[in-house]
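The values are calculated or read from the model by the stated rules, or taken from the named source; none is laboratory data. Since the structure is predicted, the reported quantities are computational estimates derived from the model, not experimental observations. Methodologically, a virtual Cβ is constructed for each residue, glycine included, from the backbone with ideal geometry; neighbour enumeration extends over all protein chains shown. Just so you know, the surface numbers come from the protein's heavy atoms only, side chains and all, with ligands and any DNA or RNA stripped out. Shrake-Rupley method; radii C 1.70, N 1.55, O 1.52, S 1.80 Å.
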Amino acid sequence: MAKRIADKELTDRNWDQEEESEEAGIFSIASEDVLKSRPIKKAKRRNLGTQADSGGTFKGFKGFSLCGAGSGGAGGSAVGFGNGSLFKPLPSLANGSSGLSSTPSFTGFNAASETKTTSGEEKGNEEETEEPPKPVVNEVKEDDAFYSTKCKLFYKKENEFKEKGVGTLHLKQVAQQKTQLLVRADTNLGNILLNILVQSSMPCTRMGKNNVMVVCVPNPPVDEKSPTTPVPMLIRVKTAQDADELHKIIMEKKAA
C-alpha cells in the first residue's frame with residue numbers, strides 16, 4: 001500500500017490559512033463473490049496442541065494448603081502443595097517456639113575476617129622490617145688537602161654559639177707557604193661554610209671536650225651588616241683526640 005502524502009504544501013504564506021474540510025467517506029461491505037476472489041491467509045500457532053494436552057508447566061500445581069500438627073509431625077504446622085508434597089518450616093522461625101533461639105547464628109565471615117587480620121598483620125610486619133631509603137650524598141673531594149676531618153661549625157652571636165652547618169674541614173697548602181682552612185657542607189653541592197687563611201695573628205684555643213675555637217673574619221660572612229668584623233668560630237669534631245690533633249696542626253701552621 002502506497003504511503004499517503006499531503007495534498008497541500010505548507011509554506012510561510014499559507015500557514016495561517018484554514019484548510020477546507022473534507023467529506024467523510026462511506027465504507028461498504030464487499031460481496032461474497034468479491035471475498036471469494038480475494039486471497040485470505042490464516043496464521044498458524046506452533047505447539048498449540050502439545051501445551052493444551054500436557055497442561056503446561058504448572059499442570060500438577062493446585063495451590064497451597066495448610067496441614068495441622070498431626071499431618072506435619074512434631075515441631076509445628078507444615079505447608080503443603082496441592083500435589084501432595086509437604087515441607088516443614090524452620091523451627092527457629094515458627095511462632096511460639098521456645099526450645100530454640102529465634103535469632104539465627106551466622107558465622108560465614110569468620111574465615112574471611114581472620115584471613116584479613118592475618119594479612120594485615122603480615123603487611124604491618126613487612127612495613128616494620130622495611131627501612132626508609134637513605135639519601136645518597138656525593139661529597140665534594142679536596143684532593144690537594146693534607147688534612148681532613150668531619151666537623152660541625154658554630155659562630156658566636158650575642159653571647160651564644162649558633163650552628164652554621166655540618167661538613168668536612170680541609171687544610172690545604174697554598175701559595176707563599178700559607179695554609180687554607182676550608183669547611184664544605186656535607187651536601188651534593190658542597191656549599192662552603194668557611195674559607196679563610198690561617199694567619200699568624202689568628203687566635204686559636206682548645207675548648208671543652210672536643211672543640212677548637214678560632215677568631216677570624218668569616219668568609220662567607222655570618223652578618224651582612226658587619227662583614228669585616230672578627231667573629232669567634234667554634235669547630236666541633238668527633239673525639240677529643242681529633243680536637244687535639246686539629247689544634248696542634250693549626251698552631252704549627254700559624255708559626256710557619
Scanning region 202-236 for residues that are part of a loop (DSSP other than H, G, I, E, B), open to solvent by less than 50 Å² (accessible area, probe 1.4 Å) and either in contact with a Gly (Cβ under 6 Å, 6 or more places away or on another chain) or aliphatic (A, V, I, L, M) (or both) gives MET202, VAL222
Can you tell me which residue among ASP7, ASP33, ASP16 is of a type outside the set (Phe, Trp, Tyr), at pLDDT 75 or above and part of a loop (DSSP other than H, G, I, E, B)? ASP16
Selection from region 163-185 of residues in a strand (DSSP E or B), closer than 16 Å to CYS216 by Cβ and free of Cβ contacts under 8 Å to residues at least 24 places away in the same chain yields GLN180
Scan region 152-170 and give yes if some residue there is over 46 Å from the mean Cα position of the chain (by Cα), hydrophobic (A, V, I, L, M, F, W, C) and open to solvent by less than 30 Å² (accessible area, probe 1.4 Å), otherwise no. no
